[in-house]
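Have a look at the structure below, then the notes.
The values are calculated or read from the model by the stated rules, or taken from the named source; none is laboratory data. Keep in mind that what you see is a predicted model, and the values were worked out from it rather than measured. Here the Cβ positions follow ideal geometry from the backbone for every residue, glycine too, while neighbour counts run over all protein chains shown.
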Amino acid sequence: CYRSRCGTPRQGGIVGGSLAVLRCARDLNPAAALEGFSAFSHCWVLYVFHENTNLPREGKTLARRQGQRKGRVPLWQGVCMKVAPPRCPGLRVGVLSCRTPHRPNPIGLSLARVVSVDCAAGEVVLAGLDVVDGTPCLDLKPYLPSYECVPEASVPSWVKASYEEPLMRVEWAPAASAELAALLRGPAAGPDDPGEERAARVDPRPFGSEEELRRALEGTLALDIRSPLQKKLHPNPAAAPGYADGGAEEAAPFFVGDLWFHELHVTYALLPVSPQPDAAPASVRVERVDPRPETPAEADGGLV
């Protein structure tokens, strides 16, 4: 569902409508391995953070120390052990106190809803995952609420505060909405342009309809998917003293970004809104939707 780290939800379940397809390696004999799996509503997904940006840095540090012959190279040399959790400005906690991808061992664990299971094809459709396209999956484990649900569990206050940030309102430019419909359904043929070249149709699967895909896309953009640096460089101008609110129709975008979602390349803009208590920092407008460029064939096994 998510083609790059940018835009991928920071936790599983935040965008419940997002869908991912897990493809089992053929050597696994998936027809046998997945037998009975469809009887479970949810499962744990164990995977590798294969696109971690700290891994090359760690490798360079290890190579340099080994080349300098400084004796034993400490394990996990170069890995930062304190991180800044998302949506918690000014806070830094230990790497094992949060679910950051940048871990001593880059292994992730997410809870997902089982949508469908195709034993013959070795494919499992999962909802609500926070993984990138091509993520290597290590294991699937059924979720057992009788043993794993802990209603009295507690979390720090900063975790609660990070989930209380309001979502942004998402709207569509008329052209972008038409582009999405044309890509998913094909443009309607007109009497004046029977020979006009048609846009390539994008298969919405595993989404069951255009509306399902649209809701998942909107749920993702509502999270403010900008990086911390982008938020620092492009703050909401409406929060500045003396800002004159001219209304949503007159507001100029203060940030333009893109999202690689499913088979789509989505361009969006952030529009300023007057700061209000418990209100989102901006609103989102989808400006353009294009088909994703062709990529090499998918690898055998993994999440797509």
All helices (runs of 4 or more DSSP H) inside the range 155-252 with 1 or more residues being closer than 21 Å to Q11 by Cβ and modelled with pLDDT under 90: 157-163, 228-233
Residue ID - modelled with the lowest pLDDT, chosen from residues in the range 255-280 that are more than 20 Å from the chain's Cα centre (by Cα) and crowded, with 17+ Cβ neighbours inside 10 Å: V273
Residue tally, condition among the acidic types (D, E) and in a loop (DSSP other than H, G, I, E, B), over the range 83-139: 2
In the range 61-83, residue modelled with the highest pLDDT [restricted to those that are under 21 Å from S162 (Cα atoms) and exposed (fewer than 15 other Cβ atoms within 10 Å of the Cβ)]: K82
Cross-chain or 6+ apart pairs with Cβ under 8 Å, the range 27-47 first and under 20 Å from D130 (Cβ atoms), then assigned to a loop (DSSP other than H, G, I, E, B) and at pLDDT 95 or above: F40/Y143; S41/Y143; H42/Y143; C43/Y143; W44/Y143
Qualifying residue in the range 6-21 (condition: outside the structural domain of Y268 (by the TED database), more than 26 Å from C119 (Cβ to Cβ), touching a residue at least 24 places away in the same chain (Cβ under 8 Å) and in contact with a Leu (Cβ under 6 Å, 6 or more places away or on another chain)): yes
Whichever residue in the range 214-229 is closer than 13 Å to P86 by Cα and not basic (K, R) and, among such residues, is farthest from the chain's Cα centre (by Cα): L229
Residue list for the range 140-150, restricted to those being modelled with pLDDT of 95 or more and either in a loop (DSSP other than H, G, I, E, B) or under 22 Å from the mean Cα position of the chain (by Cα) (or both): L140, K141, Y143, L144
Among (1) modelled with pLDDT under 90; (2) surrounded by 17 or more Cβ atoms within 10 Å (Cβ to Cβ) - the single one D27 does not satisfy: (2)
